[in-house]
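So the structure is just underneath, and the comments pick up after that.
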Amino acid sequence: MEEKGNTKAYAIIVAAGKGTRMGTEVPKQLLSYGGSTVLETAAGVFARHPLIDRMIIVAPRDGSLDERYREIARSLEEKSGRSEGSILIIRGGGERSDSVMAGLGAASFYAGEDGCSADDVIVLIHDAARPGVSEDIITRNIEAMESCEAVCTAVPSTDSIRIVNCENTEYIGSLALKETITYPIMNTDIVRRELVYRVQTPQTFRLSDITGAYGLAASDGYTATDDAAIAGHAGIKVAIIEGSAANSKITTKEDIHMATRSGIGYDVHRFVPERPLILCGTPIPSNLGLDGHSDADVAVHALMDALLGAAGLGDIGRHFPDTDDRYKGADSMKLLEEVKGMLGDAHIVNVDITIIAQEPKLAPYIDQMRDNVAGTLGIPASAVNVKATTEEGLGFTGRREGMAAMAVAAIEGSN
Ligand code: MG
């Protein structure tokens, strides 16, 4: 990457919203995403970026999340190697524009600290609800500012776009005036798709320009949903740079399903006589069974660890300690059901289990095992795969001393 000269790049992460459209008590920027939160994921990409000199996170104005945000900032500082206290948390305002202006105020303060004029500082303004922002998008924003007045991340529209005519709106049903179902009319000109872009963030401006543009918008009473529009109103030429589909905004709970997390599990149990052999809840005829505190269902134990791993919830030892008598002889399928409960709203995409054993032959029981797992997890059998292998007579499984199992699981959404 090129030397930036005296120019400094500051990131302003706008995270002051309450996320009411999500229909959840937790604001959307604090929902689980990618193993942490939406906010931490989005801000983390900026924190790790070598060309970002300063980070400002704008919190809700009532101060209710200050403490939580400071924790997130501390975690980001630690993970990105930034110095302690370097990520600034400030409070925003009632509207998004008020929050951005608060961020710009903090950026001006930093410019003074850095001995820069507001012309020497570029600010990348990013919505925390876009955790899919990439290092490349940030780099493109900064590099484009070498030759552009301002930059807006955007993606071409792949859908056909129409402007609907609301004046001719028909109301259906005798009581359906404004509150209920309406059908806007679409008999309007086709908007040429190649002229339509979906606007994303970050949007990048010279600090002096965008501060002035917000001042002008305030005095003109001009409002807009994004900063590029505010800049455009002030006559600043905003260039488009390429965003990505992954950088779309989380506005509903469904959007968050885009984040897939995977986990891995591994377990071993020793063969002993006079114990039943139960795999994925299926009793298998065998002269040897597996030793263990519970029913020693090695396949389900590996699966539980994979699911807990995907959800970032530790391991089965933590949740079902073998020092706890409640789990003596426990039916592992019941424990699997408990693990499923711990996943909350997260959706299980698929699971895959490999059982490693020299004997007995497991092929006749595989379908039953798969159906048991699918039934307990409440997912289709097509989302469950169970297979078995030997290790060619090698190692402890080859010597018939015990059995091992591995599993992977993928989940989407927040626990
Ligand atoms: Mg075990």
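Results, tabulated for the structure shown:
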item: All-pairs alpha carbon distance profile, region 293-394, 5 Å steps from 0, percent; result: 2, 12, 23, 23, 19, 14, 6, 1, 0
item: Gaussian network model of the chain, springs between alpha carbon atoms under 10 Å - residue of Gly103, Gly281, Gly329 with greatest fluctuation; result: Gly329
item: Ascending count of other beta-carbon atoms within 10 Å, so fewest first, for Leu303, Leu313; result: Leu313, Leu303
item: Degrees, to the nearest 10: 66-80 long Cα axis against longest axis of the chain; result: 80 degrees
item: Debye-sum result for region 315-362 in log10 I(q)/I(0), which assumes one identical scatterer on each alpha carbon, at q = 0.16, 0.33 Å⁻¹; result: -0.67, -1.21
item: Two-site FRET efficiency, Glu149 against Lys387, from Cβ-Cβ distance with R₀ of 51 Å, rounded to 0.05; result: 0.30
item: For Arg162, Arg54, Arg198, order by how many other beta-carbon atoms lie within 10 Å, fewest first; result: Arg162, Arg198, Arg54
item: Fluctuation leader among Asn372, Asn287, Asn247 - the chain, Gaussian network, Cα springs under 10 angstrom; result: Asn287
item: CD proxy at 222 nm, helix term only [per DSSP H run n ≥ 4: -39500 (n - 2.57); per residue of the chain; nearest 500]; result: -8500 deg cm²/dmol
item: Degrees, to the nearest 10: 207-220 long Cα axis against longest axis of the chain; result: 70 degrees
item: Cα centre as origin, Lys/Arg/Asp/Glu Cβ charges: the chain dipole, Debye; result: 340 debye
item: Beta bridges by DSSP in the chain, antiparallel share as percent, to the nearest 5; result: 60 percent
item: Residues Asp345, Asp305 arranged by fewest to most Cβ contacts within 10 Å; result: Asp345, Asp305
item: Note, ³J(HN,Hα) from phi for region 376-383, Karplus 6.51, -1.76, 1.60, rounded to Hz, x at Gly and Pro; result: 5, 7, x, 10, x, 4, 5, 8
item: Helix 332-342 axis, angle to the chain major axis (alpha carbon atoms, nearest 10°); result: 10 degrees
item: Per residue Cα convex hull volume in Å³ - calculated over the chain; result: 225 Å³
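Every read-out reported here was derived from the displayed coordinates using simple, explicitly stated rules and does not represent laboratory data. Quantities reported herein were computed from a predicted structural model and do not represent experimental measurements. Note that we place each Cβ from the backbone using ideal geometry, even for glycine, and neighbour counts take in every protein chain shown.
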